[in-house]
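Have a look at the structure below before the remarks.
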Amino acid sequence: MTNERIIIKGKTVVPGHAQGKALVADATLSFWGEVDAVTGEILAVGHPLQGQSIKGRVLIIRSTKGSSGAPMMMNIASLSGAAPVAMINVEVDALAALGSIVNCIPMMTDLDENPFDCIKSGDHVVVDASNGIIYVSK
Amino acid sequence: MQLTDDQQAILEGSRGSFLAKCMKWLIDWGEVMGAMRLIKVHNTHALLPVPNLMAKGASKDVLRNYMQTLYEATEYTTAPGCHCTVHATFVNRDEIDAKENDPEQAKLQKDMANKARDAGFIPTFTCAPYLVGNVPVMGEICAWTESSAVVYANSILGARTTRHGTESAIASSLLGWVPEFGVLLSENRQGTLRIKVTAELSDSTDWGALGYFAGKEAGLCIPVFEGTQQLSQEDAKQLCAALATSGGVTMCHIVGFTPEAPTLEAAFHGNVPESFLVFDEKKKRETYYSLRNHTADEVDMVILGCPHASLREIGQFAALLKGKKIAKGVRLWIDTAHGTKENADYIGYSKVFDEAGASGYITDGCPMNLRMYAKRIVTHGFKQAHYARTMSKAEVIIASVESCVQSAIEGRWIGDDK
């Protein structure tokens, strides 16, 4: 890690604070059927994050998609300790919002910068969703 | 969000802590999604499943905590005048191989089903409620789970529902309120992505290919299809399911055929974009081959009925199987709701499947949540093929209904002209 630190403003979806390593892909994801909710492993075939785990990560993707089982799987992941610690989505799918609310996962959208340009998987990200700010350390 | 006195009182606990929690879920969700108020809902479709394989390896505490919401919900009764149907379960209703259908989970689901029924939920147990008695009319406000049914209700029927999950559908069913945002409002129902269809759509699987292509392009957009011919209920079912598999689509328009799209202008509320995507024969072929990852032709499983088969489809399956025998070592599953299966039994279709040596029905369940000991699966549903590839580790082949049935008879993928 270098000392480079970026501050990006955005819009609060679900308030709260969390930090962790970023897991980033300009892609969509269905929590039902494409993620193992108990281990956090992304199962989606051909997905840029296939084989990686969402567990404890700040998940930065375009949006969720797919099954309406998403909130229930986010609940099982959350109870199993395998959920992301925070979510940053470019577009907000109603199902991701619901799952984040029910499971108290801080969520943000509409960042001032394109997250796929300035945040890489592995960067340390502090998400202050209550104040709409994220801090990225490279 | 503006709350009425009644809503505020429930939030503060006038009807108990669980309904206060439900009210809070709806309010928080509504505020996040831009709702200004809660409006009445008289039609819901709730997801109340035991987790089964979806939570394979989860601790007993996790499962108990997850189930707690469902148990608490069924201690109440559904809101007066609200037609609340229930989504497919994650087990099979009837006895099948215990290897595939965990008997303990099946027992838990049966118990949950009885509790839900006693709480006022209509036990339809299906991903296609519009086939078994929940057919909302144009403009009707709904709160539905099941991503494919949401697209169907909005697009084909002109009803209005956002994409609901377990908690929001339970809360809406018990309280009779839903936050007003997204496609519940007329101004949010205009198309946002234009797609010209030049490929021939000769059967329902072709419509699924169109949906699978368009969903990937659309993400959360509202696609508008122009240039198609008349579609059937089964075509619409495949289109809607695929749109909400590769994408997160809430609704679409098909110019000339769906109720809010008599013209291209109407579908876009007057703002027709000049740019468009084209779904041509090449794109159709590429879409099929994106879900054909087989390395050999031997087939050991054929799955029909995703989303849950209609009576017309079951009749089609029976006609194709009449007098034929399914190859040794091949299992053929037909997924449908018990309401449809009972009709099929009465008509005599089910006898045809027995005589052909089919494994039988997956009644009320979703096969994706059962253990599928399959090496190579042929199916006609793009949704099924997409998730089977991810969840079962089997190879998949997407194919027309005729091709699926013929593959079951011959025990090998017979190919087609797709």
Complete set of residues in region A:5-25 that are in a strand (DSSP E or B) and either modelled with pLDDT under 95 or more than 16 Å from A:Arg57 (Cα to Cα) (or both):
A:Arg5, A:Ile6, A:Ile7, A:Ile8, A:Lys9, A:Lys11, A:Thr12, A:Val13, A:Val14
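Counting only residues that are in contact (Cβ under 8 Å) with a residue 60 or more places away in the chain, give me the helices (runs of 4 or more DSSP H) lying completely in region A:60-138 with at least 1 of them. So that I can check it myself, show each step before the final result.
Numbers: elements: A:70-79, A:94-102, A:115-118.
In region A:60-138, the matching helices (runs of 4 or more DSSP H) lie at A:94-102, A:115-118.
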Residues within region B:198-217 that are surrounded by 24 or more Cβ atoms within 10 Å (Cβ to Cβ), farther than 23 Å from B:Arg160 by Cβ, within 14 Å of chain A (Cβ to nearest Cβ) and touching a Gly at 6+ places or on another chain (Cβ under 7 Å), tallied
0
If you scan region B:249-271, which residues turn out to be hydrophobic (A, V, I, L, M, F, W, C) and either within 14 Å of chain A (Cβ to nearest Cβ) or assigned to a loop (DSSP other than H, G, I, E, B) (or both)?
B:Val249, B:Met251, B:Cys252, B:Val255, B:Phe257, B:Ala261, B:Phe268
As an exercise: evaluate B:Cys404 against (1) crowded, with 23+ Cβ neighbours inside 10 Å; (2) within 18 Å of the chain's Cα centre (by Cα) and give the number of the one condition it does not meet.
(2)
When residues of region A:36-53 are filtered for being on the phi > 0 side of the Ramachandran plot and free of Cβ contacts under 8 Å to residues at least 12 places away in the same chain, how many remain?
2
Give me the residue from region B:341-372 that is over 20 Å from B:Pro49 (Cα atoms) and polar (S, T, N, Q) and, out of that set, nearest to the other protein chains (Cβ to nearest Cβ).
B:Ser359
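Of everything in region A:91-138 that's touching a Pro at 6+ places or on another chain (Cβ under 7 Å) and aliphatic (A, V, I, L, M), which residue is farthest from B:Trp29 (Cα to Cα)? Before the answer, list the steps.
Filtering region A:91-138 down to residues touching a Pro at 6+ places or on another chain (Cβ under 7 Å) leaves A:95, A:98-99, A:102, A:105-106, A:127, A:129-130.
Of the ones still in play, those that are also aliphatic (A, V, I, L, M) are A:95, A:98, A:102, A:105, A:127, A:129.
Working: A:Leu95: 10, A:Leu98: 6, A:Val102: 9, A:Ile105: 13, A:Val127: 20, A:Ala129: 16 Å.
This residue is A:Val127.
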For region B:29-141, give me every one of the strands (runs of 3 or more DSSP E) that falls completely inside it and has 3 or more residues that are in contact with a Cys (Cβ under 8 Å, 6 or more places away or on another chain) and within 14 Å of another protein chain (Cβ to nearest Cβ).
B:43-46
Reported set for region B:218-242 where residues are within 11 Å of chain A (Cβ to nearest Cβ) and in contact with a strand residue (DSSP E or B) (Cβ under 7 Å, 6 or more places away or on another chain) is B:Ala218, B:Gly219, B:Leu220, B:Cys221
Being buried (at least 22 other Cβ atoms within 10 Å of the Cβ) and in contact with a His (Cβ under 6 Å, 6 or more places away or on another chain): is that true of B:Leu38 here?
no
Pairs under 8 Å by beta carbon, first residue among the aromatic types (Phe, Trp, Tyr) and surrounded by 14 or more Cβ atoms within 10 Å (Cβ to Cβ) in region B:1-27, partner modelled with pLDDT of 95 or more and not in a loop (DSSP other than H, G, I, E, B), six or more apart or different chains?
B:Phe18/B:Glu72; B:Phe18/B:Ala73; B:Trp25/A:Leu98; B:Trp25/A:Ile101; B:Trp25/A:Val102; B:Trp25/B:Glu167; B:Trp25/B:Ser168; B:Trp25/B:Ala171
Residue check: is B:Thr258 touching a helix residue (DSSP H, G or I) at 6+ places or on another chain (Cβ under 6 Å) and buried (at least 24 other Cβ atoms within 10 Å of the Cβ)?
no
Out of contact with any Ser or Thr (no Cβ under 8 Å at 6 or more places or on another chain), of a type in the set (D, E, K, R) and not in a helix (DSSP H, G or I): is that true of B:Glu274 in this structure?
yes
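The values are calculated or read from the model by the stated rules, or taken from the named source; none is laboratory data. None of these values were measured; they are calculated from a predicted model. Glycine also receives a Cβ, built like all others from the backbone with ideal geometry; neighbour counts cover every protein chain displayed.
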